[in-house]
Structures are given as C-alpha cells and as structure tokens.
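All of the numbers you see were taken from the coordinates with simple rules; none came from a lab. Predicted model only: the values in this text are computed from it and were never measured. Note that each Cβ is placed from the backbone with ideal geometry, even for glycine, and that neighbours are counted across all protein chains shown.
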Amino acid sequence: MILMNDFKAEPASLRDAMLGAVRRVLDSGWYVLGNEVAAFEKKWAGACGVAHGVGVGNGMDAIEIALRALNIGPGDEVITTPMTAFATVLAILRAGATPVLADIDADTALLSIESARRCISSQTKAVVLVHLYGQVRVMDAWQVFCRENGIALIEDCAQSHLASSHGKVAGSFGAVGAYSFYPTKNLGAPGDAGMLVTNDEALAQRASCLRNYGQSVRYHHPELGMNSRLDEIQAAMLAERLKWLSEFTERRRQIAAAYRSGIQNSRISQLKPPEEIAAHVFHLYVITCEQRDALQAHLLEQQVQSLIHYPIPVHHQEPCQEIKRDPAGLARSEQHAASCLSLPCHPQMSDDDIQRVIVAVNSYKGA
Ligand SMILES: *Cc1c(COP(=O)(O)O)cnc(C)c1O
C-alpha cells in the first residue's frame, strides 16, 4: 500500500539525530520553555525572514494567541475560508471573535478576495488567510485588501512551511503567521507543536505572556492567558528535522511535477500550477473528480491510499450551521468538498511509488 505518510521510512540518520536530541534534553534536566525552545524559535523565525518566533503548543493555539495578541475578540469579525482544517475556525471562536466565511476560488481552492470583499462589515478586524495545500498566492492583493480595509492579515501557515512568493516566506506577509508542527505537516514534530512568527516585537512579547497563563514576569498575571507552552523535547527534535526540510520539500515538488504531467484522465482535473516553483510546498497534492468516491475506491483497490481535504466545509459542521458567510453563498467550497481528493505526496515515496500512483489514477475508467 502506498501511504499518505510514512514516518517509519524516514532516513536512519534523521532518526538517530532525533534520539540524540532527546538525550540532550534529558541530560539538561530542563523540559519546558528553555534553551532548546529559544534556539528553535530563533531558527524558525530566521527561516521565515522575520524577527520573532513564539513557540506554542500547536497550530490552533498559534492562531488563537495571534488574534488575542492583536486585541481581536468578542464583537469582532474575522474573515476566513470554509475549506480548511476545523482548527482555523475553532481558533477564531476560542478567541471569542465571530468567524465570517468567504468562498474559495475554484481553480486554487484558496480564499477568494472577491468573496471576502462581500464579507467586510464595520466589525471586521482581520482575515485569517489559509495557505491551503502549501500554496502562497496573490499576497500583494491580500496586503492591499487588508490595508484598504484597515484590518489585520493573519496567515495560517500550517500547510505552507517556507513556501515563498517573490522571495518572501509564508508568515512574513501579514501581522503574524501561525505555524503548526503537527506530525503530518511538512515540518512535523513527533507530537504537537506550533509557533507564531512576527516582526512586531510588542506582539511577540504579548504572545509569549499569553502562552504561559498571561504571566509577564514570574507569578505576575496582568491578563488571563492560556497554557500553550512548547516543550524542549519537541523543539530539540524539530531543530534536527528542520535540517532536512529543504530536501524533503524538493522531493514533494518532484512528486508534484511527475503527477502534473503524468496524470492524464478526462474524468480528473488538477488545480492551477503555482506561479513560481517556490510558491508551493505541496503539503498535499489535490485533484478533483466528479465521481470522487468511486475514484477513491478504485485507488484503494490499486493499493493507493488517499484522503479528502476536506469532505465537509466548515458551514456544514454541526456547531457551525448558523455561521456568518458571504451573502452570495459558498457554492464553490461545497463543490470542492464534494470532488477533491488528496494523493500520496510525501518525501519517502520512491520513483516507483510515484509511477504506481499515476498508473492507478490514469486507469480509472468511471463508475
Ligand atoms: C493542521 C492545521 C491547523 C491546526 O494545527 P494543529 O497543530 O493541529 O492545532 C490549522 N490550520 C490548518 C490549515 C491546518 O492544516
């Protein structure tokens, strides 16, 4: 079976380096928010081209803390997409703000500016822009949109590790970028981890208080924060895994290029290719097909695993039926949810695996 992820197939030298990192932390006797976290924050912020990184417990908390650090909460509206991990919207709700869903563009599955414009109200304070599947697109337009409307741009970078456009890296375009290092992400920890990246020193300072009960200096709590600290073992292992990230990303791009040219089936469509190579890190390789479920069953018969990102748009989730949205509706998100399919695209795939996926996809003849 060709799997969506295969951590057990990772290079032995990477595994050894991670074990060495664990040993380093155990030997240090310091386990939460210490030198390893500080070092990894510095490294990751540097890789993103920003001044500050604040390590937190996970990607969802990174978004919630970003909103709270920007004073966005009850009474404020935040525009985002229904085609995302539920965590994006949950983070907005947890911050006490009101999510407003705009539709996507059909050819990229990314948030549509035109739809976002219809969602603006006097309450709007921010856009949480999700770089879905690993794509960074039209960032100039988003920066202009946010500036013109006097609102903050928050980037959900959970799927776009170091994707860049015109040399600028995901997370450096807006007020703050929120990264997840959940195991399956392009840079994943063997556990939960996340980080905010920003150029704003005051915001970074506030975020580092918020992640630790709202504590400013020891035992002083000027505001009510949360417990979302990054631990030393995850940070130390992430620092080792970061050394492999560019090679792994390169492999994802090779797989994507092979799929783009190799997949030729009239029943299947592909998303728009990136404008520059650097602007897509292929966290997921997504195709669309009217008979998606039949295609998925066919692939499984051919020993190819696949997943759907995402089968249920946020506004169809039970707690979100009444959620605010574009008055023109969210038809393109609904269409995408019904037709999208993610193919295996991870760095441990062999050339043979790639060809087997292509053959399996091309041999689909319809239900
Ligand atoms: C994974 C993911 C998140 C949440 O990250 P966690 O670390 O699981 O909390 C948020 N947004 C998107 C787009 C994601 O893919």
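Here are some notes:
- Most tightly packed first, judged by the mean number of other beta-carbon atoms within 10 Å of their residues, the peptides 219-228, 331-340, 62-71, 357-366 read 62-71, 331-340, 357-366, 219-228.
- Rounded to the nearest whole Hz, the Karplus-based 3J(HN,Hα) values (6.51 cos²θ - 1.76 cosθ + 1.60, θ = phi - 60°) of segment 113-128 follow the sequence 5, 4, 6, 4, 4, 6, 9, 5, 9, 5, 8, 5, 10, 6, 10, 9, with x at glycine and proline.
- The orientation-averaged projected area of the convex hull spanned by the Cα atoms of segment 160-268 comes to 10.0 nm².
- Karplus-derived 3J(HN,Hα) values for segment 150-160, using 6.51 cos²θ - 1.76 cosθ + 1.60 with θ = phi - 60°, are x, 10, 7, 9, 10, 9, 8, 9, 4, 10, 10 Hz; glycine and proline are entered as x.
- Cα lying deepest toward the dipole's positive end in the chain, options S180, A51, L3, charges on Cβ: A51
- Separation in nanometres of the label points that stand 7 Å from Cα toward Cβ, at A328 and V22: 5.2
- Spin-label model, S350 to R260: label points 7 Å out along the Cα-to-beta-carbon direction sit 2.6 nm apart.
- Interatomic Cα distance distribution for segment 244-297, bins of 10 angstrom, percent: 21, 48, 25, 6
- Fluctuation leader among P273, P74, P311 - the chain, Gaussian network, Cα springs under 10 angstrom: P74
- Share, in percent, of DSSP beta bridges within the chain that are antiparallel, nearest 5: 55
- Comparing A87, A45, A236 in a Gaussian network model of the chain, where Cα atoms under 10 Å apart are tied by springs, the biggest mean-square fluctuation is seen for A87.
- The chain - percent relative contact order, Cα under 8 Å, separation 6 or more: 24
- For L162, the residues whose amide H sits under 5 Å from its own are A170, ignoring neighbours fewer than 5 places away on the same chain, with H placed 1.01 Å from N.
- Proximal lysines to K42, defined as alpha-carbon separation beneath 26 angstrom and excluding residues fewer than eight positions away on the same chain: K168, K185, K243
- Top of I151, I323, I79 by mean-square fluctuation, Gaussian network on the chain, Cα under 10 Å: I323
- Contact order normalised by residue count of segment 1-133, Cα under 8 Å, 6+ apart, percent: 19
- Mean Cβ neighbour count within 10 Å, used as a protection proxy, ranking 346-356, 120-130, 48-58, 9-19 highest first: 48-58, 120-130, 346-356, 9-19
- Computed [θ] at 222 nm, helices only, for the chain once each DSSP H run of length n ≥ 4 contributes -39500 (n - 2.57): -11500 deg cm²/dmol
- Two-site FRET efficiency, K42 against R15, from Cβ-Cβ distance with R₀ of 22 Å, rounded to 0.05: 0.35
- Calculated SAXS-style log₁₀ I(q)/I(0) at q = 0.23 Å⁻¹ - segment 1-101, Debye, Cα scatterers: -1.14
- Pairwise Cα distances in segment 275-318 exceed 11 Å in 75 percent of cases.
- For K125, the lysines whose Cα falls under 16 Å of its own Cα, not counting residues fewer than eight places away in the same chain, are K324.
- Taking the DSSP bridge list for segment 109-245 and keeping only pairs wholly inside it, about 45 percent are antiparallel.
- What the Cα convex hull of the chain gives, in volume per residue, is 131 Å³.
- Amide H within-cut-off set for I104, under 5 Å, with H built and near neighbours excluded: S112, R332, S333
- Take the Cα of I312, step 7 Å toward its Cβ, do the same at D200, and the gap between the two points is 3.4 nm.
- Other-chain or far-sequence residues with amide H under 5 Å of A152's (modelled H): A126, V127
- Cross-link reach list, aspartates and glutamates versus K272, counting only Cα pairs under 12 Å and skipping chain neighbours closer than eight places: D105, D107
- Highest mean packing comes first when the peptides 265-271, 179-185 are listed by Cβ atoms within 10 Å, giving 179-185, 265-271.
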